[in-house]
């Protein structure tokens, strides 16, 4: 779904509590969120539970999403990631107080994703397919270097050195 | 040593959500104080969100959109958002009111209530106070929250981070008129050099039994 369409749906949820708009966002987003958790090695039950929490947050907090600041998908991804971090904390019996601060920071920090778009695009262009795959496996799916080595059938040392060189390359565009 | 790379890796770890609690807190404070670092985090968030957008979809089996709406009506509606954005004072309150522990003259510390393998603490140095020449068994991360300190490698001001490891021997001094408040993570003990080194090292050795 295009960003413009998602922005429109989010506005309908925020302004008129439009359940139909939410059902469209649900159909688009829930399978991605669920898949993200499964890729991160959570069980089916945990994945669905957290997916529900993420979508509930979208329903409740759609008014916090600011289209001038970020794409809808990036906002949704950070909610999903934060819920995953909170799950690990809950398992350690930690109080969860961070969520409000994170919402507030999102609203009040003055960095817009559109300002950094050129850096993002350069990184995407500069990294070849294998490098993008390593970033995905290591940082998005949080696979260990050992697991990556097994899956790609390359030596562990090669995985480490390739990740290092990928990060070095990426860092040149972090300005 | 390329500490920029180490700082970036810390930021990437934060974006992907795989840091322990101590480092998460440390990086959230870094992003709060340092807009350049916050920008890097946003760039990496976007790279990861791209992966998210292109995921193979797996629909949840039992969940539907009505469940999500209903589950929110059971909870209190929106929680009140407090005005305090600072992750550290949000956790421990005003730093002035903490029970600081005096380590030696002009040098105080406060260990934060974080349950993690890494120890995270606040350090307060009066103006002109120095830490004796030392290096680190593991890595040490220092973030300046207020004031500034100087060492052999330069001056570090509010929002600056320094990462030290075994190869670094340094002798930091609070150089600002108001002294210096820092947040620090030590992965392992500090090793001292110079006149009082044997006593200070003995002290860390004994302290390690009580960890």
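Readers should treat all values here as calculations from the given coordinates under stated rules, not as data from a laboratory. What you see is a predicted model; the values in this text were computed from it and never measured. Cβ atoms come from the backbone with ideal geometry, glycine included; neighbour counts cover every protein chain shown.
Observations on the model:
- Choice from A:136, A:84, A:32 with maximal GNM fluctuation in chain A (Cα, 10 Å cutoff): A:136
- Fully extending the segment from residue B:91 to residue B:104, taken as 0.36 nm per residue of separation minus the present Cα-Cα distance, adds 2.1 nm.
- Sites residue A:150 and residue B:53, calculated FRET efficiency, Cβ-Cβ separation with R0 25 Å, nearest 0.05: 0.40
- All distinct Cα pairs of region A:117-171 go into the 1/r average, and the inverse of that average, the Kirkwood radius, is 11.4 Å.
- Cβ neighbours within 10 Å from other chains - mean over B:17-25: 4
- Sorted ascending by nearby beta carbons within 10 Å, beginning with the fewest, A:23, A:165 become A:165, A:23.
- Debye intensity ratio I(q)/I(0), log10, the protein assembly as shown, q values 0.12, 0.13, 0.14 Å⁻¹ (C-alpha model): -1.01, -1.15, -1.29
- Computed as a quarter of the hull surface, the mean projected area of the alpha carbon convex hull for region B:3-74 stands at 7.4 nm².
- Values of log10 I(q)/I(0), in the order q = 0.15, 0.28 Å⁻¹, for region A:1-43 under a Debye, Cα-only, solvent-free model: -0.43, -0.89
- Straightening the chain between residue A:158 and residue A:88 buys 22.2 nm, computed as 0.36 nm per residue apart minus the Cα-Cα spacing.
- The Rg/Rh ratio for region A:16-64, using Cα coordinates for both the radius of gyration and the Kirkwood hydrodynamic radius, is 1.02.
- Equivalent-ellipsoid semi-axes for chain A (Cα gyration tensor, √(5λ), whole Å, largest first): 30, 21, 16.
- Taking the fewest neighbouring Cβ atoms within 10 Å as the starting point, the ordered list for A:51, B:3 is B:3, A:51.
- Against the main long axis of the alpha-carbon atoms of chain A, helix A:98-108 sits at an angle near 80°.
- For region B:36-53, the residues whose amide N sits under 15 Å from a probe point set 7 Å from the Cα of residue A:3 along the beta carbon direction are B:42-53.
- Acute angle (nearest 10 degrees) that the helix A:44-61 long axis makes with the longest principal axis of chain A, alpha-carbon atoms: 50
- Cβ-based exposure ranking for B:19, A:87, A:156, B:31, in which fewest neighbours within 10 Å come first: A:156, A:87, B:19, B:31
- Cα-based helix-to-principal-axis angle, A:72-91 vs chain A, degrees rounded to 10: 80
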